[in-house]
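Participant: One structure, as structure tokens, below. Some questions next.
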Amino acid sequence: EAGDHSYGRKAYMAYVTEGLGNLLEWDEIMMFQRKNGSFFNCPSTTAATLVNHYNDKALQYLNCLVSKFGSAVPTVYPLNIYCQLSWVDALEKMGISQYFVSEIKSILDTTYV
């Protein structure tokens, strides 16, 4: 459990990178980069990471957002993540998630990998 706590702490610190600057080990943060180049599908976290630790994939993610949305990008992208995670949460709360295991796995893999 101590290992899980340490990983959770690192994930949290990576998510709140914007104000931490030199207080973080930026090489450790890189393990949280998603396949789409983002960090937590969050443009601001991705930008903060890019400022402190250059990465081509992060820059491509941000350039894609600016190309698509202009100067006002969403707080989370892809936009459908919130809806999909809400759907998973609702299935869990209703107690019927066991009937949607492959769908839930697909959503979680897409969101967190």
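Participant: Whole angstrom only: what separates the Cα centroid of the stretch 92-113 from the Cα centroid of the stretch 39-58?
Facilitator: Result: 27 Å between the Cα centres.
Participant: Can you give the net charge of the other residues whose Cβ lies under 12 Å from the Cβ of Gly37, counting K and R as +1 and D and E as -1? Walk me through the numbers before you get to the answer.
Facilitator: Working: positive: Arg34, Lys35, Lys57; negative: Asp56.
Taking every Cβ under 12 Å from that of Gly37, the sum is +2.
Participant: Could you derive backbone 3J(HN,Hα) for the stretch 96-111 from the dihedral phi with the Karplus parameters 6.51, -1.76 and 1.60 (θ = phi - 60°), listing whole Hz in sequence and x where the residue is Gly or Pro?
Facilitator: For the stretch 96-111, the Karplus-derived couplings read 10, 5, 5, 8, 10, 4, 5, 5, 5, 4, 4, 5, 5, 5, 5, 6 Hz, x marking Gly and Pro.
Rule-based calculations on the coordinates, nothing more; no lab input. All values derive from a computational prediction rather than experimental measurement. For neighbour counting, all protein chains shown are included, and Cβ atoms are generated from backbone atoms with ideal geometry for every residue, glycine included.
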